[in-house]
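Everything on this sheet refers to the single structure shown next.
The values are calculated or read from the model by the stated rules, or taken from the named source; none is laboratory data. Quick caveat: nothing in here was measured; it's all calculated off a predicted structure. For neighbour counting, all protein chains shown are included, and Cβ atoms are generated from backbone atoms with ideal geometry for every residue, glycine included. Quick note on the areas: whole protein, heavy atoms, side chains included, nothing else; ligands and nucleic acids left out. Shrake-Rupley method; radii C 1.70, N 1.55, O 1.52, S 1.80 Å.
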Amino acid sequence: MFRGVFEFGIIRRAAEAALIEIAIHDLRDFTDDRHRQVDDQPFGGGAGMVMKPEPLFKAIESVRGAGDKTVVLLSPQGRLFSQQVAEEFSRKPGLVLVCGRYEGVDERVVEHLVDEEISIGDYVLTGGELPAMVVIDAVTRLIPGALGCEQSTERESFSQGGGWTGMLDHPHYTRPADYRGFKVPEVLLSGHHEEIERWRRGKALEKTMQRRPDLLADRRHSEPETD
Ligand code: 4FV
């Protein structure tokens, strides 16, 4: 599942530039029984299977290495992933992303090995692989040098920098200035950078108020008190 995703675009370039290093480990390689079993029936009964502790302990302990890596289990029980969490993770030396399957992993893995549980949203997926890819994508683009000049993380949705704290993004336009009679807003063609900045901030605020007023509430809490 991962190969396809990491062979394209920014993730691929960041790996080629050694800005990131991604290693994928098959849990079955950490089993020692003939059936290479990684799951088993749940104690207490019930539907589905649970991932066994042994392969996970062996895998995580060997991958974690010197222990400077943060062990993250992707699960619906986790803290909701966000741009802020992505920025936090992008400043860490390394991550071990544990992808569950079936009903989930044996709780002793969570208790004794997992530093942080992360959820990408309140819905149930078939596995933790897609959430892991989401985390890798959001974190990689925050690694200095990962984004070429055509993109910047400075001012974008939810970013914490440059006065656009936590707002949705402003509309974007490119050539042609007139497409089927649909024109680009004059101000963007004016070259008046301050007016353009004001228009963009206005549009970002308008869209945020309409679609995500909750973000403005958070903003108010995160902004320092002004007299
Ligand atoms: C999930 C989420 C998620 C739960 C059982 C995998 C599934 C299955 N992970 N954010 N939402 N995981 O639904 O991170 O093992």
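Being within 18 Å of residue 137 (Cβ to Cβ), within 21 Å of the chain's Cα centre (by Cα) and exposed (fewer than 13 other Cβ atoms within 10 Å of the Cβ) is a property that residue 81 lacks. For segment 67-79, the criterion of being in contact (Cβ under 8 Å) with a residue 60 or more places away in the chain, assigned by TED's automatic domain parsing to the domain that holds residue 116 and of a type outside the set (D, E, K, R) is satisfied by at least one residue.
Would segment 19-30 turn up any residue that is in contact with a Pro (Cβ under 9 Å, 6 or more places away or on another chain), within 12 Å of residue 140 (Cβ to Cβ) and at pLDDT 95 or above? The answer is yes, given that some residue of segment 19-30 is in contact with a Pro (Cβ under 9 Å, 6 or more places away or on another chain), within 12 Å of residue 140 (Cβ to Cβ) and at pLDDT 95 or above. Looking only at residues in segment 172-210 that are in a loop (DSSP other than H, G, I, E, B) and among the polar types (S, T, N, Q), the one that is most open to solvent (accessible area, probe 1.4 Å) is 174.
Residue 91 falls short on exactly one of the conditions (1) more than 17 Å from the chain's Cα centre (by Cα); (2) open to solvent by 70 Å² or more (accessible area, probe 1.4 Å), and that condition is (1).
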